[in-house]
Amino acid sequence: MNRSPRAILFDLDGTLVDSAPDLAGTLFELLAELGVPAPAYEACRAHVSQGVRGLLGCALGITPEDSDYEALRARFLQIYATRLAQESELFPGVREVLEQLDEWTLPWAVATNKPARFTSPLLAELDLMPPSGIVMTPDDVDKGKPDPAMVKLALAQLGVAAETCWFIGDAHQDMIAGNQAGVVTAIAGWGYIGDQEPLEDWQADLQFSDLDELLARISAAR
């Protein structure tokens, strides 16, 4: 897969931003309110890319089908709003990668399942707004990832053909959405992969262990 990319699309949590400390911290506050012992941090970290659903499932063993799920989800989000960027930070090397993309005049954008009311202030706090101004959230489409709508909308706004865009994420849902949209999919191995199913089952086109490897591959493909 040596096709030169004309745009790069990034997932947010677990790809650009290490938001696990604040998301896990939110979970621990909620569990303390419930009087429930908290699981180990690393166990929670592996579920961050699945959002509230994954974290509540990890700690409480519940799913969206359970009767008390929506109330717990709402309380989780209330707490999270108070500590959105308290400990979250860019993964080491992200700033340098994005600066290099800007130097190459290679546009980049974000496609995240994090709602806009959390995404916008987090990007502002971390000074992470793409020069393209393109940030896709579930608020922009009918369905979030793994549905491909978000990726397709990003392509339309970037003005590039699907096969010339690389979509980089750390979750299976990213690869599904990207593959269905026809973009080049790439696994961010530095993210919240955890002990998930074999990565070959994700059917990604590329896989990177770190950001240096990603940057070298983009450079080689230019």
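The values are calculated or read from the model by the stated rules, or taken from the named source; none is laboratory data. Predicted model only: the values in this text are computed from it and were never measured. Ideal geometry is used to build each Cβ from the backbone, glycine not excepted, and the neighbour counts take in all protein chains shown. All accessible areas refer to the heavy atoms of the entire protein, side chains included, with ligands and DNA or RNA removed. Shrake-Rupley method; radii C 1.70, N 1.55, O 1.52, S 1.80 Å.
Mind listing the long-range amide H neighbours of residue 10? Cut-off is under 5 Å, sequence gap 5 or more, other chains count too, H placed in the peptide plane at 1.01 Å from N. For residue 10, the qualifying residues are 109, 110, 111, 168.
Contact order, relative form, for region 1-98: 38 percent (alpha carbon pairs under 8 Å, 6 or more residues apart, mean separation divided by residue count).
Per residue, the convex hull spanned by the Cα atoms of region 1-111 measures out at 135 cubic angstrom.
Karplus-derived 3J(HN,Hα) values for region 144-150, using 6.51 cos²θ - 1.76 cosθ + 1.60 with θ = phi - 60°, are x, 4, x, 4, x, 4, 5 Hz; glycine and proline are entered as x. Sequence-distant contacts, meaning Cα pairs under 8 Å at least 6 residues apart, place the relative contact order of the chain at 26 percent.
Suppose R0 equals 22 Å. What FRET efficiency, 1/(1 + (r/R0)^6) with r the Cβ-Cβ distance, do residue 41 and residue 124 give to the nearest 0.05?
After rounding, the FRET efficiency stands at 0.25.
Accessible surface computed residue by residue for the chain, with neighbouring protein chains in place and a 1.4 Å probe, gives 44 Å² per residue. For region 114-193, the relative contact order comes to 24 percent (Cα pairs under 8 Å, sequence separation of at least 6). In the chain, a dipole from Cβ-located charges (positive for Lys and Arg, negative for Asp and Glu) runs towards its positive end, and of 164, 57, 47 it is 164 whose Cα lies farthest in that direction. As a ratio to 2.2 N^0.38 Å, the alpha-carbon radius of gyration for the chain is 1.00.
Compared with the direct C-alpha span, the chain from residue 156 to residue 66 gains 28.7 nm at full extension, assuming 0.36 nm per residue. Normalising the Debye intensity of region 1-54 to I(0), with uniform scatterers on Cα atoms only, and taking log10 at q = 0.14, 0.21 Å⁻¹ returns -0.47, -0.78. Kirkwood radius and radius of gyration were both taken over the C-alpha atoms of region 154-222, and their ratio Rg/Rh is 0.97.
Rounded to the nearest 500 deg cm²/dmol, what is the calculated helix-only ellipticity per residue at 222 nm for the chain, with -39500 (n - 2.57) per DSSP H run of length n ≥ 4?
-12500 deg cm²/dmol
Taking the Cα centre of region 1-56 as reference, the dipole from Cβ charges on Lys and Arg (+1) and Asp and Glu (-1) amounts to some 400 debye.
Of all DSSP beta bridges located in the chain, what percent are antiparallel, nearest 5? Around 10 percent antiparallel, to the nearest 5. Sorted into 5 angstrom bins from 0, the C-alpha pair distances of region 100-202 split as 2, 12, 22, 25, 22, 13, 4, 0 percent. Taking the 1.4 Å solvent-accessible surface of region 1-129 as the whole, the part contributed by carbon and sulfur is 49%. Each of residue 96 and residue 74 was given a label point 7 Å from its Cα along the Cα-to-Cβ line. The distance between the two points is 4.7 nm. Within the listed set 188, 74, 20, the residue fluctuating most in the Gaussian network model of the chain (springs between alpha-carbon atoms under 10 angstrom) is 74.
A simple charge model with +1 on the Cβ of Lys and Arg, -1 on the Cβ of Asp and Glu and nothing else charged puts the dipole of region 22-173 at about 260 debye relative to its Cα centre.
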